[in-house]
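Have a look at the structure below before the remarks.
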Amino acid sequence: MQLRERTTTAEDAASKAQEEAIFYKDAAAELDKEKGLIKADLASAREAYREVKEECVKSEIARSAVEEAGKKVLEDLEAERARSRGLSDDVDRLKRALLEKEGAISQVLIFGNAIRK
């Protein structure tokens, strides 16, 4: 009878151990599924990060190009202003010279008319 009780106890223990083994096997399978999903999410996140990083680099390159273009435009504008001031000075000088010549011509005409009389 003791042998029978021991056998039953051993069978019960074996049955419980088998149930626990099935439970842990299912839990391990579930964890493997979650691990696979996490790996896929991680790969997706890495790809998204790579794309964002690439866009940031492109943005930085574009920003630098715009800054350089802006500097060039300002340099060109300043050169054009200097050229414009030079041309304005030339026009003023030519106007003065023309006025002087007109004044000289007027004096010659007045002097010439005075001589004829």
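A few comments on the model shown:
- Per-residue ³J(HN,Hα) for the range 4-9, Karplus 6.51 cos²θ - 1.76 cosθ + 1.60, θ = phi - 60°, Hz, x for Gly and Pro: 5, 5, 5, 5, 5, 5
- Distant alpha-carbon pairs in the range 31-82 (separation over 13 angstrom), percent: 71
- Reachable aspartates and glutamates from Lys71, criterion Cα separation under 17 angstrom, eight or more residues apart if same chain: Glu60, Glu80
- Residues of type aspartates and glutamates that Lys35 reaches as a straight line, Cα spacing below 20 Å, ignoring anything fewer than 8 places off in the same chain: Asp26, Glu47
- Extreme residue, positive dipole direction of the chain, given options Phe111, Gln18, Ile38 (C-beta unit charges): Phe111
- Here Rg/Rh (Cα atoms, Kirkwood Rh) was calculated from the structure, and among [x] 0.94; [y] 1.98; [z] 0.97 it sits at label [y].
- The range 1-78 - charge dipole about Cα centre, Lys and Arg +1 at Cβ, Asp and Glu -1, debye rounded to 20: 380
- Partner lysines for Lys95 [C-alpha distance under 24 Å; skip if fewer than 8 residues away on the same chain]: none
Computed from the coordinates by the stated procedures, all read-outs in this text should not be read as laboratory data. Just so we're clear, the structure is a prediction, and the values are computed from it rather than from any experiment. Counting neighbours? That spans all protein chains shown, and the Cβs are built from the backbone with ideal geometry, glycine included.
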